[in-house]
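Read through the structure below, which is laid out as structure tokens, and then see the notes.
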Amino acid sequence: MLVRRPVPRPESAAHLWPPIERFIEAEERWGQVAEARGPIVAGVYEFLRFGIKQGWACLFGGLMCALLIATHFWYPRDAALARYDFIFLAALAFQVVLLAFKLETLDEAKTILVFHLVGTVMELFKTKVGSWIYPEPSFFRLGGVPLFTGFMYAAIGSYGARAWRLFDFRFTHHPPLVATTALSLAIYVNFFAHHYVADFRYVLFCLVALLFGRTTIYFKVWRVHRRMPLLLGFFLVTLFIWFAENIGTFTGAWLYPNQLKGWSMVSLAKLGSWFLLMIISYVLVSVVNRPKNMDENLKSQPAPRLKS
């Protein structure tokens, strides 16, 4: 007969979002059932829990991708409201709903707003120099940039802010914020300056590796914190952003010059650009959340055990 050793009830990120707090007790019961059935079932449960948390963190980004796909296939081309304007108003309404129902914190909203502005400024410049275009008409736009585009950048910031809280990020050997902030500013300047002077992205890649090469991120999926090199985490997030960009170009939301005569996958070379942009997003989120060092007690915390 299995006798459960009493364990303290874990702190849950669901407390941050009152509408889903009622699921905490149910989730704890499911977890106990999984633990009682052995390490394999518990491992599967933790993996599923990881996926659900990631989905919750991607809430805003997932909505934006869904809007791009849905409007590409089903939005009337002769509608009085342009497709781009519909996407902008829908994204704005969704942002209001998230705040009204406390599915997003005020700090997260501030981070998203900053990244929205940062992204829009870069869009204005990049479309002017012909890096990409927005081929459809719209009313809500600045120059050649429809206003929904800022929400695409904001979705990256939203993911970072939500994931930080959901997974209770902790770190070892995290570089000082002064250094990471200076790096992000250099990256942002290079996005503009490389059109006129040498492209210093490879120098920036080296600086990223220098600053974050020793950094380990600890993330809490369930009972304990797991870990991975932070640089690996950066790459994985960048890869998913690249997938999302392929969705965006496939739906014609924006196009690169080589896609004007027919869609093709976004070049893998764009992974480097998104990697650097993602560093900017990470730094913005880290300035708000202030990275916490991984406590040695938490690092060595054993998983709850069953005894017979």
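The values are calculated or read from the model by the stated rules, or taken from the named source; none is laboratory data. What you are looking at is a predicted structure, and each value in this text was computed from that prediction instead of being measured. Glycine also receives a Cβ, built like all others from the backbone with ideal geometry; neighbour counts cover every protein chain displayed.
Might you let me know whether the stretch 200-214 holds any residue that is of a type outside the set (S, T, N, Q), outside any helix (DSSP H, G or I) and farther than 24 Å from Gly119 by Cα? Within the stretch 200-214, one or more residues are of a type outside the set (S, T, N, Q), outside any helix (DSSP H, G or I) and farther than 24 Å from Gly119 by Cα. Restricting Tyr134, Tyr84, Tyr75 to those that are among the hydroxyl-bearing types (Ser, Thr, Tyr), surrounded by fewer than 19 Cβ atoms within 10 Å (Cβ to Cβ) and modelled with pLDDT of 95 or more reduces the list to Tyr75. Does Val33 meet the test of being outside the structural domain of Val283 (by TED's automatic domain parsing), at pLDDT below 90 and part of a helix (DSSP H, G or I)? Considered against the rule, which asks whether it is outside the structural domain of Val283 (by TED's automatic domain parsing), at pLDDT below 90 and part of a helix (DSSP H, G or I), Val33 comes out as yes.
Scanning the stretch 143-184 for residues that are more than 21 Å from the chain's Cα centre (by Cα) and either at pLDDT below 95 or crowded, with 20+ Cβ neighbours inside 10 Å (or both) turns up Gly143, Gly144, Val145, Pro146.
Taking (1) within 23 Å of the chain's Cα centre (by Cα); (2) in contact (Cβ under 8 Å) with a residue 12 or more places away in the chain; (3) part of a helix (DSSP H, G or I) in turn, Glu104 satisfies each apart from (3).
Test Ile247 against the criterion of being part of a helix (DSSP H, G or I), closer than 26 Å to Ala182 by Cβ and touching a residue at least 12 places away in the same chain (Cβ under 8 Å), and give yes or no. No, not satisfied.
Restricting Leu81, Leu68, Leu99 to residues that are within 30 Å of Trp222 (Cα to Cα) and assigned by TED's automatic domain parsing to the domain that holds Asn190 narrows the list to Leu99.
Within the stretch 137-177, the set of residues being touching a strand residue (DSSP E or B) at 6+ places or on another chain (Cβ under 8 Å), part of a loop (DSSP other than H, G, I, E, B) and over 20 Å from Ala93 (Cα atoms) comprises Gly144, Phe167, Asp168, Phe169, His173, His174. You will find that of Gly157, Gly150, Gly144, the residue that is assigned by TED's automatic domain parsing to the domain that holds Ala244, farther than 19 Å from Ile187 by Cα and not polar (S, T, N, Q) is Gly144 and no other. The number of residues in the stretch 268-308 being in a helix (DSSP H, G or I) and modelled with pLDDT of 90 or more comes to 18.
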